[in-house]
1. On the given criteria, is Y77 touching a strand residue (DSSP E or B) at 6+ places or on another chain (Cβ under 8 Å), loosely packed, with under 14 Cβ neighbours inside 10 Å and at pLDDT below 95?
2. Out of the residues in region 21-32 meeting the condition of being over 20 Å from R110 (Cβ atoms) and part of a loop (DSSP other than H, G, I, E, B), tell me which one is farthest from the chain's Cα centre (by Cα).
3. At pLDDT 95 or above and out of contact with any Gly (no Cβ under 6 Å at 6 or more places or on another chain), is that true of Y72?
4. Assess whether E84 counts as being in contact with a strand residue (DSSP E or B) (Cβ under 6 Å, 6 or more places away or on another chain), charged (D, E, K, R) and free of Cβ contacts under 8 Å to residues at least 24 places away in the same chain.
5. Do any residues in region 28-47 that are under 9 Å from Q99 (Cα atoms) have Cβ atoms under 8 Å from those of residues that are modelled with pLDDT of 90 or more and part of a loop (DSSP other than H, G, I, E, B), where the two are at least six apart or on different chains, and which pairs are they?
6. Being of a type in the set (D, E, K, R) and touching an Asp or Glu at 6+ places or on another chain (Cβ under 9 Å) narrows it down to one residue among K70, K60; which is it?
7. Any idea which of A51, A29 is under 17 Å from S7 (Cα atoms) and in contact with a Lys or Arg (Cβ under 9 Å, 6 or more places away or on another chain)?
8. Regarding V94, is this residue surrounded by 10 or more Cβ atoms within 10 Å (Cβ to Cβ), modelled with pLDDT of 95 or more and over 19 Å from W116 (Cβ atoms)?
Amino acid sequence: MIPMELSLREMFKKISTNEIMCFLVDQSAHSEYSVYVDFFSKNVSTYAGPAKLALKYRPKLIFCYIIREKNYKYNFYGEEIHYEDITGLNEESVIKLTQRIQSKLEEVVRKYPEEWLWFHRRFKHSKN
């Protein structure tokens, strides 16, 4: 866990040493730190940081999630999000990659709705 007040410095340190970073991409984002993308047919504020870092440093993006099975064991899944076709670090590219990430999240939530419960208001910053 990286405290918010140290986040940028720590993220750059991890990138420079090829460490793994994880982001919780289902969080509601304040409009100052976000872009608006489609998520469950709503135009919602979504953190742009993962897309900005990916577009600048070009790491592999692996979307990971855990599903509980009937025997109460858990399976871990990971799928690469390809973005070789998105170039440049500009607002259009950031929105396009953020949308791709959120679309993958929506796909997983639709497939396994029983696995999802938001304790926060995910859709509080939305534009209709």
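1. For Y77, the condition - touching a strand residue (DSSP E or B) at 6+ places or on another chain (Cβ under 8 Å), loosely packed, with under 14 Cβ neighbours inside 10 Å and at pLDDT below 95 - is not met.
2. Here the answer is H30.
3. no
4. Answer is no for this residue.
5. Matching pairs, first to second residue: none at all.
6. Exactly one of K70, K60 is of a type in the set (D, E, K, R) and touching an Asp or Glu at 6+ places or on another chain (Cβ under 9 Å), namely K60.
7. Going through A51, A29 in turn, just one is under 17 Å from S7 (Cα atoms) and in contact with a Lys or Arg (Cβ under 9 Å, 6 or more places away or on another chain): A51.
8. Considered against the rule, which asks whether it is surrounded by 10 or more Cβ atoms within 10 Å (Cβ to Cβ), modelled with pLDDT of 95 or more and over 19 Å from W116 (Cβ atoms), V94 comes out as yes.
The values are calculated or read from the model by the stated rules, or taken from the named source; none is laboratory data. Being a predicted model, the structure only gives us computed values, none of them experimental. Every residue, glycine as well, gets a Cβ built from its backbone with ideal geometry; the counts of neighbours run over all protein chains shown.
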